[in-house]
1. Can you tell me which of Pro183, Pro178 is buried (at least 16 other Cβ atoms within 10 Å of the Cβ) and without any contact (Cβ under 8 Å) to a residue 60 or more places away in the chain?
2. Hey, among the residues in the stretch 297-311 that are in contact with a Lys or Arg (Cβ under 9 Å, 6 or more places away or on another chain) and of a type outside the set (Phe, Trp, Tyr), which one's surrounded by the fewest Cβ atoms within 10 Å (Cβ to Cβ)?
3. Out of the residues in the stretch 290-333 that are out of contact with any Gly (no Cβ under 8 Å at 6 or more places or on another chain) and hydroxyl-bearing (Ser, Thr, Tyr), which is farthest from Val56 (Cα to Cα)?
4. Kindly provide the set of residues from the stretch 285-344 that are β-branched (Val, Ile, Thr) and closer than 24 Å to Gly75 by Cβ, ordered by number.
5. Out of all the residues in the stretch 312-336, which are buried (at least 24 other Cβ atoms within 10 Å of the Cβ) and outside any strand (DSSP E or B)?
6. Just need a number here: residues in the stretch 128-154 that are in a helix (DSSP H, G or I), in contact (Cβ under 8 Å) with a residue 60 or more places away in the chain and within 18 Å of Thr191 (Cα to Cα).
7. Tell me, please, whether a residue that is surrounded by 24 or more Cβ atoms within 10 Å (Cβ to Cβ), of a type in the set (D, E, K, R) and in contact (Cβ under 8 Å) with a residue 12 or more places away in the chain can be found in the stretch 265-284.
Amino acid sequence: MIHAAPSAADDAHPTGAMTRAAPDRRSVLAALLASAALPGTAFAAGADEADPFDPVATAGAALDQLHSITIVHRGETRFARRFAGPPLDRAANVKSVSKSIVALLTGIAVDRGIIPGTEATLGELAPGLVPDAADPRVKDITVADLLTMQAGLEGTSGPNYGPWVQSADWVRFALTRPMVAAPGEAFQYSTGTYHVLGAVLAETGGASLLALARDWLGDPLGITIPAWTRDPQGRYFGGNNMALTPAAMARIGEMVRLNGEVDGSRVVSEEWISRALTPVTRSPFSGDAYGLGWFLRDFGGAAAAYARGFGGQMIYIVPALELTVAVTSDPTRPARTGGHVGDLNRLLEDDIIPALDA
């Protein structure tokens, strides 16, 4: 169940990419698509009937950053199309969608008693990760603080990202940043925070983050999780650069939509999913609420959760509509809420949702 959050202002960042063009471009693109449909879409309509997802195809074709859209409604894949980029059966870099996946792995670790709870601290769980040079408060940062990106440390994203990933020890670099807020006090988007969480999972779980992801998510979901980037100490990147096919992204989203179950088997507890989709803090950039690794907002009047990665890699989950949407985009171009991600949000609300019961 997604718990509704109060409304908030829109993105505070510059718009970056252009928003969707004027509506008259739809008629032109519709004519083009009618004469030469793009490959990769499953159509339910008969030969003489208009497919309800034609507007989705039209709108998607106008977004030059978009690579693919996969729509699962009531457990059935209703639409799967590649517009650009790699084929649908090839894993794509999902960027910071990785954070939402690491959050799910954390929930499984809590379910299994590997981590006693989200109030457990770094000092209790993995004291060897805490550098001597760190602020004394670092040892008291909790799993909940890491999950909600409220560790209080100066972030390692944005202008700090390059120096961080070029450092000799990513965990040490992240944990020796100056404290800019008390732990648990304020949202500070930081990929390093999730990398530390991934390191904690590996320490407490007794295996690499890759092995845990394959064992705890890949196997039960029947999806392939390829190896991805590692830091200089050999730890798998805890907050970025995982690779998944669009179908695998949708499979993860469906499991969350179904409260932690897939094909009748429990993957993560319903209690964890409920907590993960409950607002705890808020992004100062998009204005959207944030739970345990998932952003939260409404689409079409329905409460939704989404995972978001740089460039416009998205997993949207709208439980009330029995809907999961996986999106891949160009991973090299920014996608702000006022730009490409805003276009994707409008595509979901204006085109995908209206097509569901057409």
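The values are calculated or read from the model by the stated rules, or taken from the named source; none is laboratory data. Predicted model, so just to flag it, every value in this text is computed and none were measured. Cβ atoms come from the backbone with ideal geometry, glycine included; neighbour counts cover every protein chain shown.
1. Of Pro183, Pro178, the one residue that is buried (at least 16 other Cβ atoms within 10 Å of the Cβ) and without any contact (Cβ under 8 Å) to a residue 60 or more places away in the chain is Pro183.
2. Ranking the candidates gives Ala303 first.
3. For the stretch 290-333, the residue satisfying everything is Tyr290.
4. Ile315, Ile317, Val318, Thr324, Val325, Val327, Thr328
5. Result: Gly312, Ala335.
6. Residues meeting the conditions: 3.
7. no
Results for (1) buried (at least 20 other Cβ atoms within 10 Å of the Cβ); (2) touching a residue at least 60 places away in the same chain (Cβ under 8 Å); (3) farther than 14 Å from Leu201 by Cα; (4) among the aliphatic types (A, V, I, L, M), shown as yes or no for each residue.
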residue: Ala57; (1), (2), (3), (4): yes, no, yes, yes
residue: Val72; (1), (2), (3), (4): yes, yes, yes, yes
residue: Arg81; (1), (2), (3), (4): yes, no, yes, no
residue: Asp89; (1), (2), (3), (4): no, yes, yes, no
residue: Val94; (1), (2), (3), (4): yes, yes, yes, yes
residue: Ile101; (1), (2), (3), (4): yes, yes, no, yes
residue: Leu105; (1), (2), (3), (4): yes, yes, no, yes
residue: Ile115; (1), (2), (3), (4): yes, yes, no, yes
residue: Glu119; (1), (2), (3), (4): no, no, yes, no
